[in-house]
Each structure stands twice: as structure tokens, then as C-alpha cells.
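Right, one structure below, let's go through it.
The values are calculated or read from the model by the stated rules, or taken from the named source; none is laboratory data. Given the structure is predicted, the values throughout are model-derived calculations rather than measurements. Every residue, glycine as well, gets a Cβ built from its backbone with ideal geometry; the counts of neighbours run over all protein chains shown. For accessibility, only protein heavy atoms count, side chains too; no ligands or nucleic acids. Shrake-Rupley method; radii C 1.70, N 1.55, O 1.52, S 1.80 Å.
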Amino acid sequence: MKKIAIVTLFVALEGEKGYSRFRSLAEILSKEYAVDIITSSFQHWEKKQRDTDKLMKENKEKPYQLKFAYEPGYKKNVDIRRMRSHKAAAGNIIKLLEEAEYDLIYCIIPDNYVAAEVAAYAKKKGKKLIIDVEDLWPEAMQMVLHLPKAIDRMVFKSFRRNARRAYEAADGIVGTSDEYRDIPSSRYGIDIKNRKTVYVGCDLEEYDEGVSEFLPEIEKKENEFWVVYAGNLGSSYDIPTLIKAAQKLYAQGQRDIKVKILGGGPLEEDFKNIKEESPCYVEFVGYTPYRKMAAYLVKSDVTVNSFVKKAPQSIVTKIGDYLAAGKPMINTCSSAEFRKKVEKDGFGINVTAEDRDKLADAVMELYENPQACKRMGETARRIAEKQFDRKTSYQEIMRMIEGIL
């Protein structure tokens, strides 16, 4: 049986906060291959070292193996200590790769330095390599730091160099959107024949199980109209405008429309302060485990994919979860690709980012049109089943691997 290593610093293992995407991929690939997930000893979302012995024991019944590369850790997402931490992890990942004879390495970018080092190793050893583009670095960091252009080019030069090194060695590219899939050619002039778009998606079976389990616990009055955001409370996400839209609706006498914000993050207290500026129905629910979050989304009337104008994100993780809820979506993400999809597929409304009035108008439009909500919601669920269910969509990755091997 041929052997595959999935290399990622960012995977939520059983019972952890974060994204489970690569566990889903490992489960699927394990039907045909021997699979190891090589990941960090440091849990990115909880900012603490993992109990690796405990996780290894708990994983014994899984069809794939876990291997942990020691990483010292960091406290902030954008921090020089994070870069140093990832650099240390990269060296330990290479040691783990050298301990086994892998036929193919499936490596996630970011981190760019890790991807570049893994690419160099694959090239040296003649291993097949697939790069999975899940986010764009340094673009996401540039949005947070706002450095002058000359300093920006200097500071982030290594990120671009490392991305190029990774793409040049790749036998295949998987992107979580068309934009991400085509980044090697559009930004670096590297044409890779094997490339596919595979949305992050969700495990619909697990999602629906969570809904069945937790829906009875979530109380909602019959007349209430819930507008729900679920995700990180950080600089990419336009929570202030969502709150201000709720304040406007309250001032207009709307008492049935309630905004629920699920999740946590570095700007949570700042956002709560904005809420206190004038009356509104906004509730910060806090971090919500995935299965319960699914129930909240299904209980909602509208979901909001809320981003600031400069956010570089495209088709993000939460889209599959939103669509699976079978509710209409208000989208403020500026990605041309996703805005086109919203319009073409007909599961929601596009709104210009950071525009309080237009966001409030979109909420009212849906509030006053239950039939439109029903139609968009049914469409959303169909799209989730066809394009975002990992059990089917990740077969595209399986086919790419079969072709490359």
C-alpha cells in the first residue's frame, strides 16, 4: 500500500477548537492509502501545547496515524515569534518525513516556510508533492499590519520567495477557490498542469447529527427573526457594521430582528464596546462547539458572511456550514468569485462591505419576504449537498492523487 503524508500546522484534532478539514481528508484517503497526518505539537487556535500522548492514544481507532513535530509556540497570530515558531516546526517536520518512506506528500500553504522546506525535501528525495492553497500569505498579514509599501515589500519578501519555492516543486495544486487554485500562475507565473478547486466544505453527516442533538436546546420565540454570524472575531471580519446595522434597525422600531454572534477572537471586547454605543438586539453567544453551532445556524433565519473591504479571503471554511443550514445568506465578502457564485446560484444577497445602510436594507428585504427566504434556503442546502459535502467533493483530491501516483 502506498503511503501519504498530510503536512499541516493547522488541524483541529478530536475535541479541539479549529478546522477539521484535514482529518476528513485523511479519513477519505485512508480507504486507499496508508496515511499519516504530520502536524504541530502546538495548538494554533487555543495557543497552547497539546497533550500529544493523550491524542495518540485517542487516535488508535482511526484509520490514519498522527505524528507531532515539536513547535515552541506563540501568543499572537501576527507576530515575529510565530514566524520563528513555524521555522522550528519545519525542521522537525522534515525529520519526521525522513523517518518514513512516503510516496506522496500533501502539504498545506500557509505556512509558506514550512511548505518551501517540505518542497525542497520532496524535490531532493524524488517524492511526489501536492500543495493545498488554503490561505494567502502575506496578503492576510498585510491587511492587519498596514505597513508602508517599501517596508511591506521588504518585510514580506521571504513569504513570496517561499511560496514560489513551494509552487515550483509541486506536481499538483488544490485550491479552496478558483482564485487560490490559480495563484501559482496568476501571481508567480508557474503553470501547474494538475490543479483543482475543492471547497473546504463540511461533513454533512456530522453537521446534521449536531443539529439533531442540539436543536431542542436552543430557545427561540416564534416572532423572532435571527441574523447569525459564526466565526472569528478578528480584523478581517466586519462585525462593527453588523452591529451598527442592528442599531439602525432597532432605532427604526424593529424589535423582532435579533443578531446572534457566535465565536471569539482578539477584537471581541472592541466589538462589544460598539454594541454599547446605542440600543440594539445583538447577543455575543461566545465560542460554540461545532455541532451546537450547526444547530444555531439551522435555527437562524439569515446567515451573514461578514468581511471588511480589504479582506483577501475568497470561499472560506464557514461557507459550507452556512449553506448546509438551508438559510439565505447575506454576503459582504469582496471576492469577485464568491459574489458571482452567490448571484448565479441564487442562495443569497451580495452587499457592499462596511455599508451599514445597505446591510440593514438587506436584512429588512429578507425579513419582509419569507417566500424568498424559503427559496434561497432550499437552494443553499442543495448547493451544500452537491458541492460542499466533503465525502463527495474530496473525491476530486483522491482522483488527483491517483493520477499523480
**Request:** Under 9 Å between Cβ atoms, at least 6 apart or on separate chains: pull out the pairs that start in segment 98-110 with a residue that is modelled with pLDDT under 95 and end on any residue that is of a type in the set (Phe, Trp, Tyr).
**Result:** 110/10; 110/137; 110/159
**Prompt:** Does residue 3 qualify as being within 24 Å of residue 398 (Cβ to Cβ), open to solvent by 10 Å² or more (accessible area, probe 1.4 Å) and in contact (Cβ under 8 Å) with a residue 60 or more places away in the chain?
**Reply:** yes
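Per-residue answers, yes or no, for (1) open to solvent by 20 Å² or more (accessible area, probe 1.4 Å); (2) part of a loop (DSSP other than H, G, I, E, B):
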site	(1), (2)
12	no, yes
15	yes, yes
37	no, no
46	yes, yes
63	yes, yes
**Fill in**
Considering residues that are open to solvent by 10 Å² or more (accessible area, probe 1.4 Å) and among the aliphatic types (A, V, I, L, M), the number found within segment 104-132 is 1
**Message:** Can you find, within segment 188-202, the residue that is surrounded by the fewest Cβ atoms within 10 Å (Cβ to Cβ) among those that are charged (D, E, K, R) and touching a Gly at 6+ places or on another chain (Cβ under 9 Å)?
**Reply:** 193
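Out of the helices (runs of 4 or more DSSP H) lying entirely within segment 355-398, which hold 3 or more residues that are over 17 Å from residue 318 (Cα atoms) and open to solvent by 20 Å² or more (accessible area, probe 1.4 Å)? Give the derivation first.
Values: elements: 356-367, 370-383, 390-393.
Correct list: 356-367, 370-383.
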**Message:** Please count how many residues of segment 17-35 are over 16 Å from residue 199 (Cβ atoms), basic (Lys, Arg) and not in a loop (DSSP other than H, G, I, E, B).
**Reply:** 1
**Prompt:** Within segment 314-324, which residues are farther than 13 Å from residue 19 by Cβ and more than 9 Å from the chain's Cα centre (by Cα)?
**Reply:** 314, 322, 323, 324
**Prompt:** Taking segment 267-296, which residues are touching a Ser or Thr at 6+ places or on another chain (Cβ under 8 Å) and either surrounded by fewer than 18 Cβ atoms within 10 Å (Cβ to Cβ) or farther than 23 Å from residue 256 by Cβ (or both)?
**Reply:** 267, 290
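Please verify whether residue 242 is in contact with a strand residue (DSSP E or B) (Cβ under 9 Å, 6 or more places away or on another chain), under 26 Å from residue 17 (Cβ atoms) and outside any loop (DSSP other than H, G, I, E, B), treating the condition exactly as stated. Walk me through how you get there before you give the answer.
Working: in contact with a strand residue (DSSP E or B) (Cβ under 9 Å, 6 or more places away or on another chain): yes; under 26 Å from residue 17 (Cβ atoms): yes; outside any loop (DSSP other than H, G, I, E, B): yes.
Against the criterion (in contact with a strand residue (DSSP E or B) (Cβ under 9 Å, 6 or more places away or on another chain), under 26 Å from residue 17 (Cβ atoms) and outside any loop (DSSP other than H, G, I, E, B)), residue 242 qualifies.
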**Request:** Being in a helix (DSSP H, G or I) and of a type in the set (Asp, Glu) is the filter; apply it to segment 67-117 and report the residue that is farthest from residue 165 (Cα to Cα).
**Result:** 98
**Message:** When you check residue 185 against the structure, is it among the hydroxyl-bearing types (Ser, Thr, Tyr) and either open to solvent by less than 30 Å² (accessible area, probe 1.4 Å) or within 27 Å of residue 381 (Cβ to Cβ) (or both), yes or no?
**Reply:** no
**Prompt:** If we only count strands (runs of 3 or more DSSP E) wholly inside segment 260-348, which ones have 3 or more residues that are at pLDDT 95 or above and within 28 Å of residue 178 (Cβ to Cβ)?
**Reply:** 302-305, 329-331
**Request:** With respect to residue 236, determine if the residue is part of a helix (DSSP H, G or I), at pLDDT below 95, hydroxyl-bearing (Ser, Thr, Tyr) and farther than 13 Å from residue 131 by Cβ.
**Result:** no
**Asked** Only one of (1) open to solvent by less than 80 Å² (accessible area, probe 1.4 Å); (2) touching a residue at least 12 places away in the same chain (Cβ under 8 Å) fails for residue 82. Which number is that?
**Response** (2)
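Could you identify the single residue in 73, 91 that is open to solvent by less than 50 Å² (accessible area, probe 1.4 Å), farther than 24 Å from residue 25 by Cβ and out of contact with any Phe, Trp or Tyr (no Cβ under 6 Å at 6 or more places or on another chain)? First the steps, then the outcome.
On the way: 73 fails: out of contact with any Phe, Trp or Tyr (no Cβ under 6 Å at 6 or more places or on another chain).
The unique qualifying residue is 91.
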**Message:** Being more than 24 Å from residue 232 (Cβ to Cβ) and in contact with a strand residue (DSSP E or B) (Cβ under 8 Å, 6 or more places away or on another chain) is the requirement here; does residue 68 meet it?
**Reply:** yes
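Restricted to segment 230-254, and to residues that are of a type in the set (A, V, I, L, M) and out of contact with any Asp or Glu (no Cβ under 6 Å at 6 or more places or on another chain), which residue is most open to solvent (accessible area, probe 1.4 Å)?
Filtering segment 230-254 down to residues of a type in the set (A, V, I, L, M) leaves 230, 233, 239, 242-243, 245-246, 249, 251.
This time we only want the ones that are out of contact with any Asp or Glu (no Cβ under 6 Å at 6 or more places or on another chain), so: 230, 239, 242-243, 245-246, 249, 251.
Values: 230: 5, 239: 0, 242: 4, 243: 0, 245: 3, 246: 10, 249: 8, 251: 87 Å².
The qualifying residue most open to solvent (accessible area, probe 1.4 Å) is 251.
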